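S.K.: Before I ask anything, here is the structure I am working with.
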Amino acid sequence: MKRPNPGSVVEIETRDIFGPRMIPPQASVRRYIGTVIKSYKWLTDREFCITGDDAWPVRVINLGNVVRMDFISGDGHDVDTTNRTWEVVGSRGDRYLVTRDGSGWSCDCKGFQFRRSCRHIKEVSENDNL
């Protein structure tokens, strides 16, 4: 999938992660049109920002939720959108899920939530052929 470059104008349809669980049920696909702007530094390669509307001046779009993307103007660059997951047993026997999506890592342990890094990711990245 292509990640749009800043300055590109795109029309995007995304899968709504809150869709049918909400009451009343919401649409399962949402459509946005906007100009891609410089992304926040903490976003991964799979996320980008577009201009929004008065309620949401800037929207963060995750490529994993994109159903369709059309370039009205501008271009993008290819991004690895494959996901891989590993289950890691912690030092106390707890099980954690380590995920690599494109070039970003995440873990569902408390250490990763606070520090954005943990030994579980280090263990997987050192012991697995990526």
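S.K.: Using a Cα-Cα cut-off of under 22 Å, which lysines could be cross-linked to K2, ignoring same-chain neighbours fewer than 8 residues away?
M.R.: The qualifying lysines are K38, K41.
S.K.: Express in nm, to one decimal, how much length is gained between F71 and E123 on full extension, taking 0.36 nm for each residue of separation and deducting their alpha carbon distance.
M.R.: Extra length from F71 to E123 when fully extended: 14.8 nm.
S.K.: Separate question: Would you calculate the volume per residue, in Å³, of the smallest convex hull containing every Cα atom of region 36-130?
M.R.: Dividing the Cα hull volume of region 36-130 by its residues yields 137 Å³.
S.K.: Now for a separate question. May I ask you to sort R30, R115 by Cβ crowding, counting other Cβ atoms within 10 Å and putting the fewest first?
M.R.: R115, R30
S.K.: Moving on to the next point. Between R31 and T99, what is the label-point separation in nm under the 7 Å Cα-to-beta-carbon projection?
M.R.: Label at T99, label at R31, 2.8 nm between them.
Read-outs throughout are calculated quantities, based only on the coordinates presented, and are distinct from any laboratory measurement. What you see is a predicted model; the values in this text were computed from it and never measured. So basically every Cβ, Gly included, is an ideal-geometry build from the backbone, and we count neighbours across all protein chains shown.
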